[in-house]
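Readers should treat all values here as calculations from the given coordinates under stated rules, not as data from a laboratory. Because the structure is a prediction, the values reported are computed rather than measured. Neighbour counts are summed over all protein chains in view; Cβ atoms, including those assigned to glycine, are modelled from backbone coordinates with ideal geometry.
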Amino acid sequence: MKSVITKTIDETFQQATNFVKNDISGGGVVCLQGELGSGKTTFTQGMLGALGAEGPYTSPTFVIMKEYDVNDKIIKKVYHIDAYRINEDDMLLLGWDDIVNDEHALVIVEWPEKIRGILPQDKYMILCEGMNEFEHKYIFKN
């Protein structure tokens, strides 16, 4: 387990880029857990940028899920899911099984505790904590 503290958006984007380049080896599920304002969406934006997804990158709070095409060697799609307003049954109806089983897809889930029962065992877990208006702490558990 490692943790980092970022003091600016650029530092958060750099940590997200490092995570994508050094820890992600292909498709899979990345869970970002933390309260409102803890930096989940900012970290996701950094990951999307590092993977070359076309912006703008906005939170899918009201649409639940956004899909991005990327041109990585292995990852071809990124699904950004905000599970705050849904439950496991809702996510299954949105095609969860197909999405998670696509070896060329990276799935980023904000509020993973809302769909805990359907998350795969093998996932990346990042705990996010807003320390003040600008500083965020990211704890990488794996």
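Descriptive notes on the structure:
- Likely footprinting exposure, LEU48, LEU36, fewest C-beta neighbours within 10 Å first: LEU36, LEU48
- The chain, dipole about Cα centre (Lys/Arg Cβ +1, Asp/Glu Cβ -1), debye to the nearest 20: 360 debye
- Between ARG85 and ASN71, residue separation times 0.36 nm minus the direct Cα-Cα distance comes to 2.0 nm.
- Over the chain, dividing the summed -39,500 (n - 2.57) contributions of all DSSP H runs of at least 4 residues by the number of residues returns a 222 nm mean residue ellipticity of -7000 deg cm²/dmol.
- Mean separation of Cα pairs under 8 Å and 6 or more residues apart, divided by the residue count, gives the chain a relative contact order of 36 percent.
- Compactness of the chain - radius of gyration and Dmax, Cα, Å: 13.9, 39
- Neighbour counts of C-beta atoms inside 10 Å place PHE134, PHE19 in the sequence PHE134, PHE19, starting with the fewest.
- Share antiparallel - DSSP beta bridges, the chain, percent rounded to 5: 50 percent
- Packing-based exposure ordering (other Cβ within 10 Å, fewest first) of MET91, MET125, MET131: MET131, MET125, MET91
- Evaluating 6.51 cos²θ - 1.76 cosθ + 1.60 at θ = phi - 60° for every residue in segment 128-136, the Karplus couplings come out as 10, 9, x, 8, 7, 4, 10, 8, 9 Hz, glycine and proline recorded as x.
- Proximal aspartates and glutamates relative to LYS77, as straight alpha-carbon distance under 13 Å, when same-chain residues fewer than 8 apart are discounted: GLU54, GLU67, ASP69, ASP98, ASP102, GLU103
- Placing +1 on each Lys and Arg Cβ and -1 on each Asp and Glu Cβ, with no other charges, gives segment 46-86 a dipole about its Cα centre of roughly 100 debye.
- ³J(HN,Hα), Karplus 6.51/-1.76/1.60, whole Hz, each residue of segment 8-14, x for Gly, Pro: 9, 4, 4, 5, 5, 4, 5
- Relative contact order [Cα under 8 Å, 6+ residues apart], segment 66-142, whole percent: 26 percent
- Flagged links, alpha-carbon separation over 25 Å, of LYS114/LYS137; LYS76/LYS137; LYS76/LYS123; LYS7/LYS123: LYS76/LYS137; LYS7/LYS123
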